[in-house]
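The structure under discussion appears below in the form of C-alpha cells.
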Amino acid sequence: MASDNGTQHSFPRGPLLGLAAVLGLAVCFATFSTMTGVGRVEAQSAASSNATSRDLFFYDRDDGGVTVADANGGAVIAQFEPATNGFLRSTVRGLVRERKRRDLGPETPFRISMEPDGRLLLTDPATNRTVDLRAFGPTNLDVFARLLPDRAVAALR
C-alpha cells in the first residue's frame, strides 16, 4: 500500500555532506603523506649493510639542555642548549614515550643512519620504530645529520 499523504522520508543532507567532506580530507591527507613522506613513521627491518650509522644516547640535562653521546665509548658528540632544537627534542621524546608505553628502559641506544638512497633515519631498536627525517625539511634534517660521522655528513651536502 502506498501512502497518499505525500510525505517522503529521507536522510538529512547536512550530515551526509559533512561525512563526505571528512572522508575527502582523509583521502587527501593520506595521499599527501604517501607522496611526500611528511608525517610518516615506519618500521624498518634490519639496517642496510651499506648504511652509515651511529648509535646514540640522548640525555636531558638539569638545566634543560640535551647531551648526545656516542653509545660506543660514551664520548659526548653534541650539546644542545636549553630552549633550542625543538625538533630534535620532540622527535626523540616521541620515541621515548613509546618506550615508556611498552615499559622499556633507556638501556638501548637510538640509531641514526644514512641509507644508500639518501634517507636519514632515526631508529629506536627497542621498539622498531623509525622516523624518516627527510620528511621534515632540510633544516631539521641537518640537526640530526650533524650527529653522524663526518664522512656521512659530507655526503649529505
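The values are calculated or read from the model by the stated rules, or taken from the named source; none is laboratory data. Fair warning: this is a prediction, and the values are worked out from it, not measured in the lab. We place every Cβ from the backbone using ideal geometry, glycine too, and count neighbours over all the protein chains shown. SASA here: full protein model, heavy atoms, side chains in, ligands and nucleic acids out. Shrake-Rupley method; radii C 1.70, N 1.55, O 1.52, S 1.80 Å.
The residues in the stretch 22-52 that are among the small types (Gly, Ala, Ser) and either at pLDDT 90 or above or assigned to a loop (DSSP other than H, G, I, E, B) (or both) can be counted, and the count is 9. Restricting attention to the stretch 115-130, the residues that are open to solvent by 50 Å² or more (accessible area, probe 1.4 Å) and under 11 Å from the mean Cα position of the chain (by Cα) add up to 1.
Among the residues of the stretch 96-114, those that are assigned to a helix (DSSP H, G or I) and surrounded by fewer than 13 Cβ atoms within 10 Å (Cβ to Cβ) comprise 97, 100, 101.
In the list 111, 102, which residue meets the criterion of being of a type in the set (D, E, K, R), touching a residue at least 12 places away in the same chain (Cβ under 8 Å) and within 19 Å of residue 74 (Cβ to Cβ)?
On the way: 102 fails: within 19 Å of residue 74 (Cβ to Cβ).
Answer to the selection: 111.
Applying the condition of being among the hydrophobic types (A, V, I, L, M, F, W, C) and at pLDDT below 85 to the stretch 131-157 and asking which residue is surrounded by the fewest Cβ atoms within 10 Å (Cβ to Cβ) yields 154.
Just to be sure, is residue 68 over 13 Å from residue 55 (Cβ atoms) and either part of a strand (DSSP E or B) or of a type in the set (A, V, I, L, M) (or both)?
On the way: over 13 Å from residue 55 (Cβ atoms): no; either part of a strand (DSSP E or B) or of a type in the set (A, V, I, L, M) (or both): yes.
No: the conditions fail for residue 68.
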